Ligand code: S3P
């Protein structure tokens, strides 16, 4: 196996994928690919505008296309959007050339981390705490199915990055 397999961070909104991804990319000298940011740049608008103007299915199609593209490159730390698991073929594609790690956190900690944010369209409908619990519940089997898991609750981004790196190293040894 190539020693430059990708590290792919998946997990619910607010589990720290981007913060952890930045640290890992720095440490390994890999390229950081933040999927939401790439999609926004290419679409020329924010994720919230894509959801509002084009609809969620259009956004999922953009994610799917980007997964296919990124899965063909190596030496990347990929921070995926929280809904990447909704299309299981995304995880399968990433696994061919990468170690896919799911970051987890309790609903309370997720709420603390996203409380002030307004850029996540799926958390803007209804009461935030309730929405988080509902979505986590719906998606639980999909997150559970990801091969590697790292709990981030009560941990700093550095500690999370250490744990992910250890997972990555033992998976690519
Ligand atoms: C989503 C998560 C978001 C973003 C979009 C949809 C989801 O990414 O892709 O708002 O379905 O969970 P983050 O997990 O980076 O917030």
Next item on the list: Calculate I(q)/I(0) for the chain by the Debye formula, one identical point scatterer on each C-alpha and no solvent, and give its log10 at q = 0.17 Å⁻¹ to two decimals.
Entry: -1.07
Next item on the list: Report the residue, chosen from 101, 160, 114, that carries the largest GNM mean-square fluctuation when the chain is represented by alpha-carbon nodes joined by springs under 10 Å.
Entry: 114
Next item on the list: Assign one of three labels to the stretch 51-114, namely rounded, prolate or oblate, based on the Cα gyration tensor with a ≥ b ≥ c the square roots of its eigenvalues; rounded applies when a/c is under 1.5, prolate when it is not and a/b is larger than b/c, and oblate otherwise.
Entry: oblate
Check: Taking the alpha-carbon centroid of each part, what is the distance from the stretch 1-43 to the stretch 148-164 in angstrom?
Finding: 14 Å
Next item on the list: Give me 170, 48 ranked fewest to most by other Cβ atoms within 10 Å of their Cβ, as a rough exposure proxy.
Entry: 170, 48
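Taking the beta-carbon count within 10 Å as an exposure proxy, list 93, 162, 144 from fewest neighbours to most.
Placing the least packed residue first, the sequence is 144, 162, 93.
Suppose only helical runs count, i.e. DSSP H with n ≥ 4. What mean residue ellipticity at 222 nm does that imply for the chain under -39500 (n - 2.57) per run, divided by all residues and rounded to the nearest 500 deg cm²/dmol? List each step's numbers first, then the result.
Working: 8 runs with 94 residues, N = 173.
Roughly -17000 deg cm²/dmol at 222 nm, from the helical runs in the chain.
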Next item on the list: For an R0 of 30 angstrom, estimate the FRET efficiency from the Cβ-Cβ distance between residue 171 and residue 69 and round to the nearest 0.05.
Entry: 0.85
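Laboratory data are not the source of any read-out in this text; all were calculated from the coordinates shown. Keep in mind that what you see is a predicted model, and the values were worked out from it rather than measured. All Cβ positions, glycine included, derive from the backbone under ideal geometry; neighbour counts span all protein chains shown.
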